[in-house]
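Student: Here it is, the structure, as structure tokens.
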Amino acid sequence: SGLAGKGHSCLIAASIAVARERASAAAGDSESAIELGLVLLLALNVIGIVALVLIGWLLVGRTLVRRITSLAASMRRMAGGDLETSVNVGGRDEITDMADALEVFRQHALEVQRLNLVEMLAEEVRSKNVELEGVLADLRRKYGETVAEVMEFHRDLSARLAELEDFDRLARDLDGELDRRAAAVARAGAAVGAARRRAAQALGQEVTANLRELAMARAEVQVEVGADPGDDVGILLAANSGAPGLSLASAASGGELARVMLALRLAVGAGPPVLVFDEVDAGIGGQVAQEVGRSLSRLTADHQVLVVTHLPQVAACADHQVSIAKHDDGASATVTAEPLEGEDRVVELSRMLSGSPDSPSARRHASELLEMSQGG
């Protein structure tokens, strides 16, 4: 089509050139002017036919439109300019008609070109639509069943990306928030530490008072609280007058440790509903044992208290007594628990006092101890 276009362009140019040469040669001759007009009409007819062929063949491309436009303008100049004195009115009219016809062809060519462009754009849109449908299907497969879910996923990723891109500002904000939280923790820790120190002083005084009732008249207990917020707490015992306060692990004997723990429980008060004391009376006896028994009995006002003891003074203070015995026949060992009531309890207390449950004096002593503990 390119070679054909060039050939027809040459034909048009040659026809116009011949017409112009003859017009120049016959400028003063009327007959030559008429002959020239006929030649121009013939050339214009040929140009029209060639233009129609080119429009159908080349689909009225941009190059053809430009050529037809240029040719129409040239025809108008020839019709109204240099040949006006030598060409009769009828010849000028025919030339003008031919130029008008060429203008009509040019307009049709432009319309066809626009239609072709629209069709090309429509095909491009259809191609892009197919491509986008494929992309959308892939997105739904990866990120959500529906378009709404895909868009929600996109919004989440966009928000996350914005956070990452704004990392420096976010880091500064987090550092500032951390400093504010640390300051708030420090203030709260200082308040808690101060409250614990006040409570520690009162607790030490109350435990010391309880030890007075447990036959430790000269003992003093101090409760130390460490640095804020006071999580480290230590209990110091000065068992005798003038003695320095030392930790319970290094300063207290077995009996002293048992009494300090009991005095601490009496001071704290709150606790689980059931309290179990195993060997709380270790290392004590006599009057101290009786005081420990009474103190344990006081705890029963708010708790159920279970005590494992070998002291009759402590056992006599109980509301209920159970005898625990182990039996080993050589093949196996068994443990029995037997509740004691009435005379059986007196017998058990006699055994705990003297080892002779059948002794009348031991039984008499056991009965007196039981009456005194229950009544006191």
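Rule-based calculations on the coordinates, nothing more; no lab input. Computed from a predicted structure; not experimentally measured. All Cβ positions, glycine included, derive from the backbone under ideal geometry; neighbour counts span all protein chains shown.
Student: Within the set of other residues whose C-beta is less than 11 Å from the C-beta of Ser297, count the net charge using Lys and Arg as +1 and Asp and Glu as -1.
Tutor: That works out to 0.
Student: Something else: Regarding region 113-220, what's the average projected area of the Cα-atom convex hull, expressed in nm²?
Tutor: 16.0 nm²
Student: What is the sum of charges around Gly226, taking Lys and Arg as +1, Asp and Glu as -1, for the other residues whose C-beta is under 12 Å from the C-beta of Gly226?
Tutor: -2
Student: Further question on the same structure: Give the calculated FRET efficiency between Ala159 and Glu119 to the nearest 0.05, with a Förster radius of 35 Å applied to their Cβ-Cβ distance.
Tutor: On the way: r = 43 Å, r/R0 = 1.24.
Using R0 = 35 Å, I get an efficiency of 0.20.
Student: Over 24 Å apart: what share of the alpha carbon pairs of region 216-346 falls there, rounded to a whole percent?
Tutor: Result: 43 percent of Cα pairs exceed 24 Å.
Student: Please list, short to long, the whole-number percent of alpha-carbon pairs of region 99-161 in consecutive 5 angstrom bins beginning at zero.
Tutor: Taking all Cα pairs of region 99-161, the binned fractions are 4, 15, 12, 12, 9, 9, 8, 7, 7, 6, 5, 5, 3, 0 percent.
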